[in-house]
Amino acid sequence: MRAEQVQAFVDVTEHGSFAAAARHTGVKRSTLSAAVNALEDSLGVALFERSGNSLTLSAVGDSVLPDCYRLLTSASRIKKHCHQHLQGVESQLGIARDDALPEAFWRQVMHDLKQQFPLTAISVYLVPPQEHAQFVQRQTVDIAFGLYTAEGIDANAANLAPVTMRLVAAPQHPLSRLPSVNRDDLAQYTQVCLTHVQDDKLISEALFSGNYLGLTMFEVIRDAVINATGWALLPYPLVKSALEAGTLCTLNHDLVLDSHHYRYVESDNRGVVAAALLNKVAHFLATLRQSEFS
């Protein structure tokens, strides 16, 4: 029993006759007939009841048809897996990332990757960027994306693009009433900032004082600021829509703050899927920069 014989049986069944199947598939009628006959000989049963030009499924043909569909699906998957392997396409890809870029972007990217590489199993782990290097070093993930300051960057990370940061607060927050803020103004109020694990301790990235609320995700920080819990320094791509909607305000200041870059850390052997993902992230960041300064 061969896959092409099973395919011929399915084609003839779906189109109702050898002639119709030949027209739709482009395979000669004699070839289809020979394939079905060979399959019947191999199985020792008649899959069709034939009467002149009339052709109907036999009882046994009808009963095995669902399994024939499953067999063809499995055969197709085997071929695709082998083809992907020869092309250098990963069977699995582990990704670590922060949430400095909008979730809508990541949802679309994951959808696009699964459409392009349907047989690659993809796992995504959301974790602060300060922990990315150890995940890659331990081979827990293959590639990691995150927002770093110039001082906090791991030596093995590669730059993708600078990211504009904004000091933000809710419109009803006292800081939003000031024409400009300084360090002393900010120190009087709670900073909502990023927290990560280092040497089994929680480290918070507060800027000016010990008055902070440390959280592990930028989106949660943003939502806390919208709720007027405090102020925050957040990546512009993540707060752009909230600023446009008026649920956040930019705080004017003349402070010198660390520059931030979106970067990635990866394992030694970059595969095809990881390369495609990297290209999508780089393209998004480039488009974002163009729109920001246009």
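Which pairs do you get when a residue that is under 30 Å from LEU285 (Cβ atoms), found in segment 76-101, comes within reach of a residue that is acidic (Asp, Glu) and assigned to a helix (DSSP H, G or I), reach meaning Cβ atoms under 8 angstrom, with the pair 6+ apart or on two chains?
ALA96/GLU131; ASP99/GLU219
List the residue pairs whose Cβ atoms are under 8 Å apart, where the first residue sits in segment 257-274 and is within 23 Å of HIS81 (Cβ to Cβ), the second is in a helix (DSSP H, G or I) and basic (Lys, Arg), and the two are 6 or more positions apart or on different chains.
Pairs that qualify, where the first residue is within 23 Å of HIS81 (Cβ to Cβ) and the partner is in a helix (DSSP H, G or I) and basic (Lys, Arg): there are none.
Somewhere in segment 57-74, is a residue closer than 30 Å to HIS196 by Cβ, surrounded by fewer than 14 Cβ atoms within 10 Å (Cβ to Cβ) and without any contact (Cβ under 8 Å) to a residue 60 or more places away in the chain?
no
Please state which one of VAL265, VAL273, VAL239 is crowded, with 20+ Cβ neighbours inside 10 Å, assigned to a strand (DSSP E or B) and in the same structural domain as PHE117 (by TED's automatic domain parsing). Working first, answer last.
Values: VAL273 fails: assigned to a strand (DSSP E or B); VAL239 fails: assigned to a strand (DSSP E or B).
Result of the check over VAL265, VAL273, VAL239: VAL265.
Name the residue that is surrounded by the fewest Cβ atoms within 10 Å (Cβ to Cβ), counting only residues in segment 99-113 that are in contact with a strand residue (DSSP E or B) (Cβ under 8 Å, 6 or more places away or on another chain) and at pLDDT below 95. Spell out the reasoning first.
Going residue by residue through segment 99-113, those that are in contact with a strand residue (DSSP E or B) (Cβ under 8 Å, 6 or more places away or on another chain) are 99-101, 106, 110, 113.
Keeping just the survivors that are at pLDDT below 95 gives 99-101.
Details: ASP99: 21, ALA100: 23, LEU101: 23.
Result: ASP99.
Looking at this structure, is LEU55 within 18 Å of THR13 (Cβ to Cβ), at pLDDT 85 or above and in a helix (DSSP H, G or I)?
Answer is no for this residue.
Among the residues of segment 58-76, is there at least one that is outside any helix (DSSP H, G or I), farther than 26 Å from THR120 by Cα and outside the structural domain of PHE117 (by TED's automatic domain parsing)?
Yes, that holds for at least one residue.
The values are calculated or read from the model by the stated rules, or taken from the named source; none is laboratory data. In this text, all values refer to a predicted model and were calculated from it rather than measured experimentally. Here the Cβ is made from the backbone with ideal geometry for all residues, glycine too, and neighbour counts use every protein chain on show.
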